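**Q** Sharing a structure with you now.
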Amino acid sequence: MNESILQALMRLFALVAYVDKKGQPSIEREVVQEYLQRQFASALVEKYLVAFEKYLAEYHPDIS
């Protein structure tokens with residue numbers, strides 16, 4: 001997978017993530033992390049988890 005596709009996936013995952021009324025995501029980060037770990041080396045996993053969290057904060061600004 002190329003970088004633009006992975007960035008788009010992280011955006012999509014963040015966009016559809018469920019965030020409860022207190023602003024807490026449920027298990028989305030763990031699901032995304034597990035997906036990435038199955039596909040890529042640990043350095044890339046961390047890079048795209050950071051991107052996922054950035055997009056999560058962007059799409060769900062009420063997350064604490």
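**Q** What does the convex hull of the Cα atoms of the chain come to per residue, in Å³, rounded to a whole number? Numbers along the way, then the final one.
**A** Values: hull volume 4.5 nm³, N = 64.
Spelled out: Cα convex hull of the chain, divided by residues, is 71 Å³.
**Q** What does the extension gain come out to for ASN2 and ILE63, with contour length at 0.36 nm per residue minus their alpha carbon separation? Could the numbers behind the result be given before it?
**A** Values: separation 61, 0.36 × 61 = 21.96 nm, distance 2.90 nm.
In short, 19.1 nm is gained.
**Q** Now for a separate question. I want to verify a result. In a Gaussian network model of the chain, Cα cutoff 10 Å, which of these has the top mean-square fluctuation: PHE52, PHE13, PHE40?
**A** PHE40
**Q** Then there's this: Test of understanding: in a Gaussian network model of the chain with alpha carbons linked when under 10 Å, which of TYR35, TYR48, TYR18 would top the mean-square fluctuation ranking?
**A** TYR35
**Q** Considering the chain as a Gaussian network with a 10 Å cut-off on Cα pairs, which listed residue, ARG38, ARG29, ARG11, attains the greatest mean-square fluctuation?
**A** Of ARG38, ARG29, ARG11, the most mobile in the Gaussian network model is ARG38.
**Q** Right, next: How big is the dipole moment of the chain about its Cα centre under a simple scheme where the beta carbon of each Lys and Arg is +1, that of each Asp and Glu is -1, and everything else is neutral? Debye, nearest 20, please. Working shown, then result.
**A** Numbers: 7 positive and 9 negative charges, 7 e Å.
Dipole size: approximately 40 debye.
Coordinate-derived values only; no laboratory data. Just so we're clear, the structure is a prediction, and the values are computed from it rather than from any experiment. Cβ atoms come from the backbone with ideal geometry, glycine included; neighbour counts cover every protein chain shown.
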